[in-house]
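Engineer: I have a structure here, written as structure tokens, and I will follow up with some questions on it.
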Amino acid sequence: TGLPNRSLLADRLQQAMAQAARRDLHIAVAYIDLDGFKEINDRHGHDTGDRLLVVLADRMRHALREGDTLARLGGDEFVAVLLDLADLSACQPLLTRLLEAAARPVDDDGRSLQVSASVGVSFFPQGEAVDADQLMRQADQAMYQAKLSGKNRYHLFDAEHDRDVRGRHESLERIREALRRQEFVLHFQPKVHMRSGQVIGAEALIRWQHPEQGLLSPAVFLPVLANHRLMVEVGDWVIEAALGQMAAWRAQGLVLPLSINVDALQLQQPDFVVKLQQALARHPAVLPGDLELEVLETSALEDMARISETMRACEALGVGFALDDFGTGYSSLTYLKRLSVQTLKIDQSFVHDMLDDPDDLAILEGVLGLARVFRRRAIAEGVETVAHGEMLLRMGCELGQGYAIARPLSADAIVKWVRTWRPPAEWHEASAVNHDDLPILFALVEHRAWTVAVIDFLKGTSRTVPGLVASDSRLGQWLDESGRIRHARRPEIALVESLHQESYRHAQALVDRLEDGAPACDEAGCARLESLQGALQETLRSLMH
């Protein structure tokens with residue numbers, strides 16, 4: 001081909017790196033591999049392949065600038081060194097010309113021969129010190145990515161991503177070592193019937209008792225395991241540890257069912273059911289029905305048929321399933337229809353904001369409706385306050401899990417907690433609201449959020465003017481459509497309407513005064529609005545009873 005060989009390339013690359021450092025410029029190393037060259041060799045013979053290489057080498061050399069180097073490493077592999085680049089984008093026109101030169105057909109004795117090129121590119125200098133061999137390896141890795149992405153293209157090596165990959169590899173090795181050293185432990189967050197106070201079980205949550213960093217939450221190390229085989233080993237450990245703990249509790253007289261999170265990758269293993277059966281056999285004191293496997297609704301369960309078959313096989317052993325974070329995925333109804341699950345765990349994001357956001361309350365109502373229609377048990381995650389639990393009970397959701405009940409506890413601590421746990425008095429008294437009166441719950445949430453939004457606007461912390469027409473609100477619509485008629489005999493209904501109208505009139509007056517040039521919202525006006533909101537809340541609660 002008349003091109004520099006590997007030895008001369010190494011010398012040119014060293015010179016280019018030294019020159020780039022002196023001039024404060026960049027160089028690019030482009031690793032070029034021809035796509036489809038082997039097929040031409042196999043079909044037409046090596047002489048034809050050699051002639052093709054000579055033509056393509058000449059074309060690619062002329063696609064570059066004077067001073068750039070194109071070398072042939074051997075076979076159909078070439079390397080270009082592009083000099084004096086002001087920035088990284090300056091090499092893109094040259095890379096495009098290289099690809100075009102490689103992809104143009106070559107006429108060989110009346111035959112049209114055509115290949116393409118996959119190009120990987122690395123740059124010098126980088127944030128960290130690199131030598132010439134590293135630059136070549138980086139460009140080679142990037143070329144491989146270009147092949148995987150569809151060929152006939154270039155791929156730029158990402159040094160930051162490479163550091164992340166190397167860092168992940170080191171983290172994986174440390175997690176594997178932690179498994180060997182038995183540094184992982186389980187903590188347990190109780191699940192209860194909120195009104196009666198009955199403890200129905202707990203969720204087993206993995207923690208890392210790191211010798212230097214202390215107790216680490218799963219958010220620190222589980223993301224590193226995503227889509228990696230080591231996740232299966234960690235998952236197997238969790239199942240074994242959970243069964244062992246249930247057996248230990250039974251020996252102490254505590255029967256506490258456990259649910260554990262199962263990663264989609266673990267569930268898709270061909271031997272998952274066999275390993276689960278063997279684990280249950282090692283702990284004969286544990287009833288299979290006391291173990292529940294939680295599967296994230298947002299997990300990539302691509303092979304739905306196989307997953308469904310695995311679930312049925314686990315059910316035959318007596319082990320049940322729950323859909324975790326229900327409502328956050330895109331295929332909720334498909335999961336409900338095709339997967340054999342007994343429990344829906346309502347995602348805590350909806351529970352957390354339901355006291356302030358009527359849309360989250362509507363989602364919660366929808367999920368609970370789905371649970372009833374499909375005859376599934378529903379449990380709410382993220383019950384952080386007594387008010388959260390009370391609202392859930394009024395919505396008809398009686399099972400809960402969250403900080404208002406208990407934070408995750410050690411195995412010993414949960415034994416003591418079960419003996420002393422009592423639900424708040426408010427939960428004893430919170431009965432489910434009649435379905436026709438659910439709009440009152442929505443009105444409670446919406447009006448509280450509306451009052452906060454008005455005051456935020458008046459105080460200048462928000463630029464958005466909330467709606468100021470009473471009949472456009474959920475409460476106004478409910479009064480017009482059915483509320484007045486349904487509760488016509490209740491004296492509270494007239495007070496509800498009066499307080500509602502007065503709240504909107506007062507808010508309109510405060511906004512008008514601000515827009516007429518008043519310097520700021522007066523505290524008395526905002527206090528009056530909050531007082532009206534409190535009185536309306538109490539009257540609506542009375543109406544629900």
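Engineer: Quick check: with the 1.4 Å probe, what order do D325, D456 take by accessible area, largest first? Each step should come with its number before you reach the end.
Structural biologist: Numbers: D325 40, D456 60 Å².
So the residues, ranked largest to smallest area, are D456, D325.
Engineer: Let me ask something else. In Å², what does the accessible area per residue of the chain work out to with a 1.4 Å probe?
Structural biologist: Values: 26550 Å² over 545 residues.
Per residue, the chain has an accessible area of 49 Å².
Engineer: Can you count the Lys pairs in the chain with C-alpha separation below 26 Å, eight or more apart or on different chains? Before the final figure, lay out each step's value.
Structural biologist: Working: K38/K147; K38/K151; K191/K337; K191/K345; K191/K416; K275/K345; K337/K345; K345/K416.
Value for the chain: 8.
Engineer: Moving on. Quick check: residue separation of R6 and S462 times 0.36 nm, minus the Cα distance between them. What number comes out in nm? Mind dumping the intermediate values first?
Structural biologist: Details: separation 456, 0.36 × 456 = 164.16 nm, distance 6.54 nm.
Residue separation times 0.36 nm, minus the Cα-Cα distance, leaves 157.6 nm.
Engineer: Just check the stretch 398-539 against the gyration tensor rule for me: Cα atoms, a ≥ b ≥ c as the square roots of the eigenvalues, rounded for a/c under 1.5, and otherwise prolate or oblate depending on whether a/b exceeds b/c. All intermediate terms of the calculation are to be shown ahead of the outcome.
Structural biologist: Numbers: a/c = 3.07, a/b = 1.57, b/c = 1.96.
The shape class here is oblate.
Engineer: Can you compute the modelled spin-label distance between Q508 and S149, with each label point 7 Å from Cα toward Cβ, in nm?
Structural biologist: It works out to 5.9 nm between the two label points.
Engineer: Can you give me the distance in nm between label points at D84 and E240, each placed 7 Å from the Cα along the Cα-to-Cβ direction?
Structural biologist: 6.4
Engineer: Follow-up question, since we're still on this one. In the chain, what percent of the accessible surface is made up of carbon and sulfur (1.4 Å probe, ligands and nucleic acids excluded)?
Structural biologist: On the way: 13040 of 26550 Å².
Of all accessible area on the chain, carbon and sulfur atoms account for 49 percent.
Engineer: Please state, to two decimals, what the Cα-based radius of gyration of the chain comes to when divided by 2.2 N^0.38 Å (N = residues).
Structural biologist: Its radius of gyration relative to the 2.2 N^0.38 Å reference: 1.39.
Engineer: Additional query: Compute the distance in nm between two label points, each set 7 Å from the Cα along the Cα-to-Cβ direction, one at Q342 and one at Q278.
Structural biologist: 2.6
Engineer: Hey, with R₀ at 60 Å, roughly what FRET efficiency would S410 and R23 work out to, going by the Cβ-Cβ distance, to 0.05? Present the calculation step by step, with values, prior to reporting the outcome.
Structural biologist: Working: r = 62 Å, r/R0 = 1.03.
Efficiency at R0 = 60 Å is approximately 0.45.
Engineer: With 5 Å bins from zero, work out the P(r) of the stretch 396-446 over every alpha carbon pair and list the percent per bin.
Structural biologist: 4, 14, 19, 19, 15, 11, 7, 7, 3, 0
Engineer: Kindly provide the trypsin sites (Lys or Arg not before Pro) of the stretch 235-298 that DSSP labels as loop, not H, G, I, E or B, and whose Cβ sees at most 14 other Cβ atoms within 10 Å.
Structural biologist: Counting only loop positions with at most 14 other Cβ atoms within 10 Å, none of the trypsin sites (Lys or Arg not before Pro) in the stretch 235-298 qualifies.
The values are calculated or read from the model by the stated rules, or taken from the named source; none is laboratory data. The structure presented is a predicted model; accordingly, all values stated were derived computationally and were not measured. Note: ideal-geometry Cβ built from the backbone for every residue, glycine included; neighbour counts use all protein chains shown. For the accessible areas, the whole protein counts, side chains as well, though only heavy atoms, and no ligand, DNA or RNA atoms are used. Shrake-Rupley method; radii C 1.70, N 1.55, O 1.52, S 1.80 Å.
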